[in-house]
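None of the figures in this text is laboratory data; all of them are computed from the coordinates on show. Nothing here was measured: the structure is a model prediction, and the numbers come from that model.
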Amino acid sequence: MKLHIYQSPLLHLEGKKPPILRLTCSRLPVHEFGQFRDAEIESPKFDHFLLDFIPQLVKQENIPETTALMVPVNKETLNKNALFQIWRDSFLRVLDEVPNPLIIAFSACADPLVLRKRADEVASIRPERLYYCLDISRECESIRKLTRDFKWNYLAIRSELLSSGIPDVSEAMFEAGDRGIGRIVSWIESKVALTIATHHGVEYVHGSIFSEPYYPLTVVETVKGLSDG
């Protein structure tokens with residue numbers, strides 16, 4: 001099986017900080033997606049393959065040591081002990097080989113108890129190198145409560161969720177502001193969406209009105225028939 005690896009730049013709205021490079025992978029190349037924003041949904045069982053590629057990426061792209069890299073950990077990975085252990089082992093290898101700050105984007109749609117358990121497990125690993133992001137890619141339950149329940153460094157949310165006026169989503173953004181959590185809004189595709197994001201104190205932005213949403217990096221081969229664990 002082939003996995004396509006992509007880089008998505010998260011730009012600092014005021015231009016005072018370097019971009020965060022969000023990495024994602026998909027089983028399909030970009031031209032086969034009607035809306036490539038759903039590419040992340042294609043990769044839940046391959047989170048650790050993405051991690052294994054990071055040392056090569058850093059050398060290949062000459063990424064400065066100070067540039068933060070964001071990697072997803074999807075709810076399937078969080079829910080399955082075997083998958084999470086594989087992911088954790090890969091993550092430890094990346095920490096040994098790459099000096100860059102790493103941001104772990106935890107899926108907000110995972111079971112809240114599992115999410116808290118996994119976040120606590122990871123928090124004990126080299127805290128000076130790691131940052132934690134609650135990733136809201138679709139409407140999930142108890143988002144505001146999740147925002148309060150762990151010391152997140154970032155809250156990432158898709159623009160269409162914020163623009164929909166969902167009370168729990170808006171309250172989570174305001175909660176993040178009160179707690180000093182950095183706010184990231186992705187897939188901003190209009191000035192109206194940007195205005196809404198700015199109203200919520202967004203720090204980092206992503207979307208077609210700023211740059212190409214995805215940059216293809218490489219294609220890697222994976223094993224077939226990966227177990228669910």
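Remarks
- Overall dimensions of the chain by Cα: Rg and Dmax, Å: 16.5, 46
- Nearby lysines by direct alpha-carbon distance to residue 191 (threshold 28 angstrom, same-chain neighbours under 8 apart not counted): 16, 17
- Each DSSP beta bridge with both residues in the chain is either parallel or antiparallel, and the antiparallel ones are about 40%.
- Based on Cα contacts under 8 Å between residues 6+ apart, region 2-221 shows a relative contact order of 22 percent.
- When only alpha carbons are used to place a centre, region 93-136 and region 143-166 end up 16 Å from one another.
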